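Worksheet: the structure to be examined is printed underneath.
The values are calculated or read from the model by the stated rules, or taken from the named source; none is laboratory data. Here the structure is a predicted model, which means the values were calculated and not measured. Every residue, glycine among them, receives a Cβ derived from its backbone with ideal geometry; neighbour counts consider all protein chains shown. For the accessible areas, the whole protein counts, side chains as well, though only heavy atoms, and no ligand, DNA or RNA atoms are used. Shrake-Rupley method; radii C 1.70, N 1.55, O 1.52, S 1.80 Å.
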Amino acid sequence: METIYQGERTEATRLWSDSCSADTNVYTPQVEDVLKPMKNREFQTLDEFFEFYNNYAFEAGFSVRRSLREKSRDGTEIVRQELCCHKEGHSKNLKAQPKRRKGIIRKGCLAKVTAVKRSGVYVVSQFIEGHNHPLTSPPRVHLLKSHRGISHATRCLTMELGVVNIPTHQQISLLEVQSGGIENMGCTGKDIYNYERDKRNELKGHDGDMLYAHFLLQQEKNPFFTFKIEEDSENRIKHCFWADATSRRAYSFFWRCGYL
């Protein structure tokens, strides 16, 4: 992938390279002014403030995270919120060997934006544009943390595909084709694996309750539906039996076949 990227520069990559001016190790993305959170710009909510700056960061080539914030004296609302570059600050314990290698290392970047609440709205009071590190190229910006996320539609689709026992790697291939490429998925394959892992952990210990609730629902729909669940000393399912109207009718006709 790296060789192809260096050998065949796309038009988007060329424009990105031209838009980043490096002067004494300060990288300033050349983004349209309408996309910049300029000073005195107003936002109705903090979510709107974050979404706007995150969209700007996507065009510029970096990821965003929430930083310092201040609350009112009574502690009921946030009156000041700071958003910063994902490489703000410095990594802790740089001399210690990490358990696994991480792709993001903080470099003390000072790029940030600050909004304070005035007259019921949040107003940008500070906007620092320059970064002290190279910005991410367009083909890779979708991999940054603040620009990744599994949409509600994708969550529902993966759950439905999981019900019919389609493996996760095939689900990812389907999502990639459906979205027109992995860069348009909005998340990575690892995000899908992590999401399904978290769902399994949520269901752990509750699958027996879900089965019991399902049997009760079937019994409400069909009075001839019957079931019996036996538990062991640790409240785990030991034996489970169920039969609907069709199977009970078939048994009344063919029960003698079991002795042949």
* **Failed item, numbered, when T45 is tested on (1) under 22 Å from V121 (Cβ atoms); (2) within 22 Å of the chain's Cα centre (by Cα); (3) surrounded by 14 or more Cβ atoms within 10 Å (Cβ to Cβ)** => (3)
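Find the residue count for the range 163-174, including only residues that are within 12 Å of Y193 (Cβ to Cβ) and either polar (S, T, N, Q) or part of a helix (DSSP H, G or I) (or both). Please lay out each step first, then the result.
Initial filter on the range 163-174 (within 12 Å of Y193 (Cβ to Cβ)): 167-169, 171-172.
Add one more test, that the residue is either polar (S, T, N, Q) or part of a helix (DSSP H, G or I) (or both), and what stays is 168-169, 171-172.
Number satisfying all stated conditions: 4.
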* Structure fact -> Output for Cβ contacts, cut-off 8 Å, separation at least six or different chains, first residue closer than 15 Å to R248 by Cα in the range 214-237, second small (G, A, S), reads N222/A245; F224/A245; F225/A243; F225/A245; T226/A243; F227/A243
* To do: Quickly run through the range 170-201 and pick out the residues that are among the charged types (D, E, K, R) and free of Cβ contacts under 8 Å to residues at least 40 places away in the same chain.
  => E176, K190, E196, R197, D198, R200
* Give the range 54-89 a look and list any residue that's out of contact with any helix residue (DSSP H, G or I) (no Cβ under 9 Å at 6 or more places or on another chain), open to solvent by 20 Å² or more (accessible area, probe 1.4 Å) and among the acidic types (D, E), or say none. => E70, D74, E77, E88
* Asked: Which of the following residues is more than 30 Å from R140 (Cβ to Cβ), open to solvent by 60 Å² or more (accessible area, probe 1.4 Å), hydroxyl-bearing (S, T, Y) and part of a helix (DSSP H, G or I): Y193, Y251?
  -> Y251
* When you scan the range 171-188, how many residues do you find that are touching a Lys or Arg at 6+ places or on another chain (Cβ under 9 Å) and at pLDDT 85 or above? -> 0
* In the range 112-130, is there at least one residue being in contact with a strand residue (DSSP E or B) (Cβ under 9 Å, 6 or more places away or on another chain), assigned to a loop (DSSP other than H, G, I, E, B) and modelled with pLDDT of 90 or more? -> yes
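Step by step: first the residues of the range 180-190, then only those that are exposed (fewer than 14 other Cβ atoms within 10 Å of the Cβ) and under 20 Å from S146 (Cα atoms), then the one that is nearest to the chain's Cα centre (by Cα). Which residue is that? Give the derivation first.
Within the range 180-190, the first condition is being exposed (fewer than 14 other Cβ atoms within 10 Å of the Cβ), and the residues that meet it are 180-181, 184, 190.
After this cut, where a residue has to be under 20 Å from S146 (Cα atoms) as well, the list is 181, 184, 190.
Values: G181: 18, N184: 14, K190: 10 Å.
Only one residue fits best here, namely K190.
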